[in-house]
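Reading through the structure tokens given below for one structure.
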Amino acid sequence: MGTYSSATRQGAYEPFDLQVARGQIDGHTPVYIFGFSAAIGSSALGPVWEGQTQSGGLYAYPGSAVQMSIVSDSASDTTAKSVLVTGLGANYVLQSETIALNGTSAVTTVNSYLRINSVAMTNAVNTGNITISNGGTTYAKISAGIGATQMSLYTVPAGYTFYLTYIQADASVGFTSSNYMLFAEYNKNNTTGAVTYAGQATFVQAYNQPFGPPVAHAEKTDIQYLIKSNSGGPFTANIFAGGILIKNPD
């Protein structure tokens, strides 16, 4: 019988997706996008995130890279608790940093952010609602007791391509053919300026779309996964999307 090296035993024959998740393939990173909102209305399509209101509408990005203010509405979120901010700086360059909270006193990021892709607690769950903002405009939130942003937003870093492999959306109630939810994927390529609403679909309670082959999204592309109801509201809805971020060839 042949012999197997430790590298072989540790995953040479594992599925490709599992190897990506384990960090075994250079330049490949899994991306998971989770969105949740209890304020889905019928006025306009809007991304599913903590800052959404029943009136909907697209998420507004900073006009330039800016430092962010991070604050909780609970004094229990002390300096013993930290958040990891992941986003893009000037020219859409990938960056992240860990910031210690200071309760109801705002702290400021060291880095300046053109985009916020996610914010997550690193060492404890948050007691209060955490807001990440600049100049009075909120760009991300962590709801009390959740520990991470729940926003159906993602911007592809410079030098990378995002390959979308699946989308799933769920509504809190079952609808009918005359009273439904509408889903769309908004894309803006900030290199070319092209804007598209891709993958529009209606669904009565659940929408699930796997992609094979995956759908490529170029560097510097803003992605917003949007939902609205046909009538009524507010409703609760969530979106799950995922894929692989791959570094472009030099």
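Phi angles of segment 41-48 translate, via the Karplus equation with coefficients 6.51, -1.76, 1.60 and θ = phi - 60°, into HN-Hα couplings of x, 10, 6, 7, 4, x, x, 8 Hz per residue; Gly and Pro are given as x. Residues whose amide H lies under 5 Å from that of Met151, counting only those 5 or more places away or on a different chain, are Phe34, Phe36; hydrogens are built 1.01 Å from N in the peptide plane. Residue by residue, segment 137-154 carries 3J(HN,Hα) couplings of 9, 8, 10, 6, 9, 10, 5, 3, x, 9, x, 7, 5, 10, 10, 8, 9, 7 Hz when phi is fed to the Karplus relation 6.51 cos²θ - 1.76 cosθ + 1.60 (θ = phi - 60°); x denotes Gly or Pro.
Applying the Karplus relation 6.51 cos²θ - 1.76 cosθ + 1.60 with θ = phi - 60° to segment 197-208 yields 3J(HN,Hα) values of 10, 9, x, 5, 7, 9, 8, 9, 8, 9, 10, 9 Hz, where x marks Gly and Pro.
Placing pseudo-labels 7 Å out from each Cα toward the beta carbon at Ala206 and Thr104 gives an inter-label distance of 4.3 nm. Give the long-range amide H neighbours of Ala158: residues separated by 5 or more places, or on another chain, with amide H under 5 Å away, using H modelled in the peptide plane at 1.01 Å from N. For Ala158, the qualifying residues are Val93, Leu94, Lys220.
Taking packing as the residue-averaged number of other Cβ atoms within 10 angstrom, the listed peptides 34-40, 64-70 run from highest to lowest as 34-40, 64-70. Over the residues of the chain, the helix contribution to mean residue ellipticity at 222 nm works out to -500 deg cm²/dmol, using -39500 (n - 2.57) for each DSSP H run of at least 4. Normalising the average separation of contacting C-alpha pairs (under 8 angstrom, six or more residues apart) by the number of residues puts the relative contact order of the chain at 25 percent. Take each peptide in 41-48, 148-155, 91-98, count the other Cβ atoms within 10 Å of every residue, and average; sorted highest first, the result is 148-155, 41-48, 91-98.
Quick note: the coordinates plus some simple rules give every number you see, no bench work behind them. Everything quoted here is computed from the prediction, not taken from an experiment. Here Cβ is always computed from backbone atoms with ideal geometry, including for glycine, and neighbour counts include all displayed protein chains.
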